[in-house]
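*Asks:* Below you'll find the structure I mean.
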Amino acid sequence: MKKIFLAVFTLSILFFPQAMSAQSAAERSALRECVHAMTARQKIGALCVLNFRFWTDSPLGHQTYKPALAAENPKIFSHVNKINSAMYKTIRDYNIGSVILFGENMTDAAQAKKFIRDLNSAALDGGNAPLLFFADQEGGNVARVFDYSTPSAMAIAKSGDKQNAFLCGKANGQLLLDYGINADLAPVCDVASNPQNPVIGIRSFSDNPQEAADYSAAFSQGLASAGVLACAKHFPGHGDTSVDSHLDLPQINSSLAKWKKREAVPFKENIKNDIPLIMTAHIQCPRLDKTKLQSSKENKKITAPATLSKKILTKILRGSMGYKGAIISDAMDMKAIFDNWSPDESFVLAVNAGCDLIINPINVYSKKDLDFLQDFFEKVEQALQSGALDSKALDAAVVRVLELKQKAGLIKVVADKDAGAQNSARIVPLPQKIVPMDKEQKQKAAQACALIQIDAARASFSNVKPERLSKSGCGGKKIAVFVPFPEKAEIVQQYLLARSCANVECICYEEKRSVSAADKAKIKGADLILVFTQLTGNAVKDKKLWQAAYPASLAREIKKAGAASKTIGVSMNLPYDKKIFSAEDGFGWAALYNYTQIGYARAIQALFD
C-alpha cells in the first residue's frame, strides 16, 4: 500500500485546485488501477467517515457495541480537540478515508486546526491518501464552526434574493477552508411540506419545491466558488415526515408521481449543476421501493430505508435522475438504522445499495471501542469474501471517493513511465488544503451575513410599527419580554440595554404551559410586550407541549387585557404560530428562522435599529 499511496512532499509540488475540472478517461482508468491494487481493508477504510466527537478513559464495561455513548453517559465523556494514540491508530491502521467534525471539536479555533492537521498526518503516516474532512455547516442552528454565523436556509429564502444564498454558501465555504475542512454537508434540499416535522423545519429553504431548488442550488454554487464540496441532502426527501430518524424510522407514503413533482425537484436542480455529493435519508418510501430487508435486531422484515435501498439509490438516483457523483449516507448510528442492524450489516447493505461514503459506521469514543472496530472490519471483510458485500459496488465506491479527493485538491494521480513498474499508476498526496481568512475578512463576512438575517426578519414583519420601536422611542417605555429560555433572555436583555431600553423585564417561561397571575400583572403594566416563541415540529403536532401552549395562553390573556396593539410575537423557529399573533386581532409579528443566541440578537437589531 505504501508503494501505491506514499509520496514524498517536495517544494516542487504546487497546490492547484482540480476542484471543478472534468476528469479524463485516462485519470479514471488510473484510479481504477490504484483501487485494484488495494487490500480489502484499505477499500473498506476508504469508505468510512468517522467522528471523534467524544472521549472517555473510564472503563465502561459494556459487552456489546453501543453508538453515541456520550448521550447515555454525559458525565464521563469529554469533548475532543486533541488527537490521542487510539485515534491515531484508528486513522493510520484502519486506512480511514474521511472524518466528520462537530462543534465539540471546534471550541478552540487554534486547537481545532491543529487537531485537523494531526488527524491528516495520521492518514499519511499509514501510507494513505489525505483525509476528506466533512462538517454540517448549514447555517442558523446547524453549524459546527463558530467564527461567524450565517442565517438558516429558511431565513435566506425569506430574504427574497437568491444571491444571498450564494453569498451564504460562499461564506460557509470560506470559513470551513480556513480550518482545512473540504466538504460541507449542505445544502438541505428537503421541501418543508410538513409543519409537524421535528428535524427539518427552518433547515429547509421553502415549502415550495422550485424555490427550495433555486435557493439550494445557489447555496451549492457559493460553496463551490469557495473551493468546498457541497452535498444535497436528504435524498429522496425528508421534508414530509413527522418522525425524527435520529430516534425512529420514518415512513413517507407519497406516490412516485407526487414525489417527482415535490421532493425530487431540488435534487434534480442540484444534479443539473453537477453537485458532487448527495446524502441519503433513513426513511422508508414504500411507494418508491417496497423491498423488504431482514432486521437482525428486530427479527422481522421491514421496508428498506432509502439508505439501504438499491432501487432508490441506484435505479432512481443514478439511473432515472442521471446522477454521477458520490452518495454519502446519513449517520449510521442513528436509531433508524442502528436499532435494526449491526454496524457491519448496515455497512454492507448501504454499499450494496449504492452508498460510497458511510458516516459513523462505528464510533471510537474509548480504548475499548478499538476492539469493536477490529470486529467490525473483520466482519465486513468476511462479507466481502463470502460475496455478501458486492466487490464491484465496493470498488466503484472507492473510485468515487478518490475522485472526490481529486476535486477537493487533495490528491493527484500519476502514471509511471516505466512499463516494468509493479503499478503503472499511483496516488500522490498534495499539501493539505487550507485557505486562511484574516480578521478583516471574517468581519466582512459576518456583517454581510448579519444583514441578510436582518433583511429576512424585516421581510416577515406584520403590523410592526417602526415608530414605537425606534431607539429614541424606547428609552422611557416599560417593556415586558417573554422568552422561552434563560440564556436567551440574557441576550435579549443585553441587546435592549445597549439600545437605551433601561426599563426592561424579561420573563422566562421554560416548561410553563399557562399564564400565571404574576405574568398577567406584567402584561397590564407594560407599554410594549415582546413574546419570543421557539415552536418545534412536535409542538405543532401536540399543542399541549409548553412551546405551543404557553404562547397561546399568553396571546389570549393579552387580548383580554386589550394589549394586542402593543404586542409583537417574535417567532424564532417554525413560523407557524403567526396565527396566534394575528394582525386582525391587532398583534404585530416577526420571524427570524434562527433560534441560536445570535438569532435572538439579530431579532433585536431587526426590530430596533
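The values are calculated or read from the model by the stated rules, or taken from the named source; none is laboratory data. Fair warning: this is a prediction, and the values are worked out from it, not measured in the lab. Positions of Cβ are backbone-derived with ideal geometry, glycine not excepted, and every protein chain shown enters the neighbour counts. Just so you know, the surface numbers come from the protein's heavy atoms only, side chains and all, with ligands and any DNA or RNA stripped out. Shrake-Rupley method; radii C 1.70, N 1.55, O 1.52, S 1.80 Å.
*Asks:* Taking all protein chains in place and a 1.4 Å probe, what share, in percent, of the accessible surface of the chain do carbon and sulfur account for?
*Replies:* Of the solvent-accessible surface of the chain, carbon and sulfur hold 50 percent.
*Asks:* Okay, helix-only estimate at 222 nm for the chain: each DSSP H run of n ≥ 4 adds -39500 (n - 2.57), divide by all residues, round to 500 deg cm²/dmol; what do you get?
*Replies:* -12000 deg cm²/dmol
*Asks:* Something else: Using a 1.4 Å probe, how large is the accessible area of S514, given in Å² and rounded to the nearest 10?
*Replies:* Solvent-accessible area, nearest 10 Å²: 70 Å².
*Asks:* Here is a follow-up. In nm, give the distance between the simple-model label positions of K82 and N273, each being 7 Å from the Cα along the Cα-to-Cβ direction.
*Replies:* Going by the 7 Å Cα→Cβ label model, 4.2 nm.
*Asks:* With the cut-off at 1.5 for a/c, could you classify segment 366-410 from its C-alpha gyration tensor as rounded, prolate or oblate?
*Replies:* In terms of gyration-tensor shape, oblate.
*Asks:* Which order do the peptides 516-522, 147-153, 75-81 come out in when sorted by mean C-beta neighbours inside 10 angstrom, highest first?
*Replies:* 147-153, 75-81, 516-522
*Asks:* When a/c is below 1.5 the answer is rounded, else prolate if a/b is larger than b/c, else oblate, so apply that to segment 322-447 with a ≥ b ≥ c taken from the square roots of the Cα gyration tensor eigenvalues.
*Replies:* Note, shape of segment 322-447 comes out oblate.
*Asks:* If you fit an axis through the alpha-carbon atoms of helix 343-353 and take the longest principal axis of the Cα set of the chain, what angle between them do you get, 0 to 90°, nearest 10?
*Replies:* 80 degrees
*Asks:* Here's another thing I want to ask about it. What relative contact order, as a whole-number percentage, does segment 516-599 give when Cα pairs under 8 Å and 6 or more residues apart are counted?
*Replies:* Rounded, it is 29 percent for segment 516-599.
*Asks:* What ranking do 209-220, 88-99 get when scored by the average of other Cβ atoms within 10 Å per residue, highest first?
*Replies:* Final packing ranking: 209-220, 88-99.
*Asks:* Then there's this: Provide the per residue accessible area, probe 1.4 Å, for the chain, rounded to a whole number of square angstrom.
*Replies:* 39 Å²
*Asks:* Where both partners of a DSSP beta bridge lie in the chain, what percent of those bridges are antiparallel, to the nearest 5?
*Replies:* Beta bridges within the chain, antiparallel portion: roughly 25 percent.
*Asks:* Sort 381-392, 111-122 by packing, meaning the average of other beta carbons within 10 Å per residue, with the highest value first.
*Replies:* Packing order, densest peptide first, comes out as 111-122, 381-392.
*Asks:* Select one label from (1) 27.5; (2) 29.3; (3) 25.5: the one whose number is Kirkwood radius over Cα pairs in Å as derived from the coordinates shown.
*Replies:* Derived directly from the coordinates: (3).
*Asks:* Which shape class, rounded, prolate or oblate, goes with segment 96-196 when its Cα gyration tensor gives a ≥ b ≥ c as root eigenvalues, a/c under 1.5 marks rounded, and past that a/b bigger than b/c marks prolate?
*Replies:* Taking the square roots of the gyration eigenvalues as a ≥ b ≥ c, segment 96-196 is prolate.
*Asks:* Roughly how far apart, in whole Å, are the Cα centres of segment 171-244 and segment 346-382?
*Replies:* Answer, in whole Å: 26.
*Asks:* Right, something else. Averaging sequence separations of C-alpha pairs under 8 Å and six or more residues apart, then dividing by the length of segment 426-530, give the relative contact order as a whole percent.
*Replies:* 28 percent
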